Amino acid sequence: MLRLIFTIFFFIILAVGGVFSWVIIYLLKTFALPQNDRSKFLFYLFASVFFILTALSIFFFFRIPFDKIILPF
Amino acid sequence: MIQFQPDEKILMVVRRHWFLIFSKAFVFAILLAAPFFVYPFAVLAPFEYQAIIYPLLNWMIAVYFLFLWVMFFLTVVHYYLDIWVITDRRILDVVQRSLFHREVSEFAINKVQDVTVTVKGFMPTLMHFGDVDVKTASETTTLVFYSIPEPYKIQDLIIQLSQRQSPQQQ
């Protein structure tokens, strides 16, 4: 049960992060000045760190020993 | 997206001073360091929780960093998309108020009547940034360049452009 709650919570966080990243990409792409391509760099910077942090959070998530967690209530 | 005419020359693209994004980045850096101060306190947890607390803490910190990165990047995008474009014909004021709130105003350079520079405060004086208030012929319309670097240079440029444009229109 606890694992299920954690999993749902975790994927909600990832989904929210995913939506935000889509918004960032959309804004950078749509509203950049025509002669300016620095937004491409910003996009790649955001995407690469976001990807690393997502992978890291998924890695740590599967290391949590859910069977040992006893809720105090 | 902003459309420019083929023979229109972009003279300057102005963003807020880097000090403003730097100060926000500094706050994010402090928030980034916060978990490392919390980490040593995990030792204080009861013995039976010791095996659980570290993997749980690692995961929470990773999620916290992910959240912080998204928030920081939203700040960067906000800063990056808030621009003023000075061309030889007009001034464009693009304000990204929030993620889904964007305002684009256009001012003809020959309508400019008064340009005021305000440098207020210790850091703006030291770092050379301030506001430039541009008043046009219309009484209600004003354009403000907020916290831009080298405000006096921008003031000179706008005045020069409006003086150059005015005789052509008459």
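The string of couplings for the stretch B:63-70 from the Karplus curve (6.51, -1.76, 1.60, θ = phi - 60°) is 5, 4, 5, 4, 4, 5, 5, 4 Hz, one whole number per residue in order, with x for Gly and Pro. The angle between the Cα long axis of helix A:2-31 and the longest principal axis of the Cα atoms of chain A comes to about 0 degrees, rounded to the nearest 10. For the stretch B:39-78, the residues whose backbone nitrogen is under 18 Å from a point 7 Å from the Cα of A:ARG3, taken along Cα to Cβ, are B:52-53, B:55-56, B:59. Relative to the longest principal axis of the Cα atoms of chain B, helix B:18-38 runs at roughly 10 degrees. When exposed loop sites are taken as GluC sites (Glu not before Pro) in a DSSP loop with at most 16 other Cβ atoms within 10 Å, the longest stretch of chain B clear of them is B:9-138. Per-residue ellipticity at 222 nm, computed for chain A from helices alone with -39500 (n - 2.57) per DSSP H run of at least four residues, works out to -26500 deg cm²/dmol.
Per-residue extension of 0.36 nm, minus the Cα-Cα distance of A:LYS29 and A:ASP67, leaves a gain of 9.2 nm for this segment.
Seen against the Cα atoms of chain B and their longest principal axis, helix B:151-169 is set at about 30 degrees. Cβ-Cβ distance of A:ILE13 and B:LEU44, R₀ of 30 Å, FRET efficiency by 1/(1 + (r/R0)^6): the value works out to about 0.65. For the residue pairs B:LYS24/B:LYS111; A:LYS29/B:LYS111; A:LYS29/B:LYS9; B:LYS111/B:LYS153; A:LYS40/B:LYS24, the alpha carbons lie more than 30 Å apart in B:LYS24/B:LYS111; A:LYS29/B:LYS111. Remark: the stretch B:65-156 is approximated by an ellipsoid whose semi-axes, taken from the C-alpha gyration tensor as √(5λ), come to 27, 18, 10 Å, largest first. Stretching the chain fully between B:LEU99 and B:LYS24 yields a gain of 25.3 nm (0.36 nm per residue, less the alpha carbon separation).
Using a cutoff of 8 angstrom between alpha carbon atoms and counting only pairs six or more residues apart, the relative contact order for chain B works out to 21 percent.
Volume of the convex hull of the protein assembly as shown (Cα atoms only), normalised per residue: 158 Å³.
Every read-out reported here was derived from the displayed coordinates using simple, explicitly stated rules and does not represent laboratory data. Bear in mind that the values here come from a model prediction, so they are computed numbers and not experimental data. Counting neighbours? That spans all protein chains shown, and the Cβs are built from the backbone with ideal geometry, glycine included.
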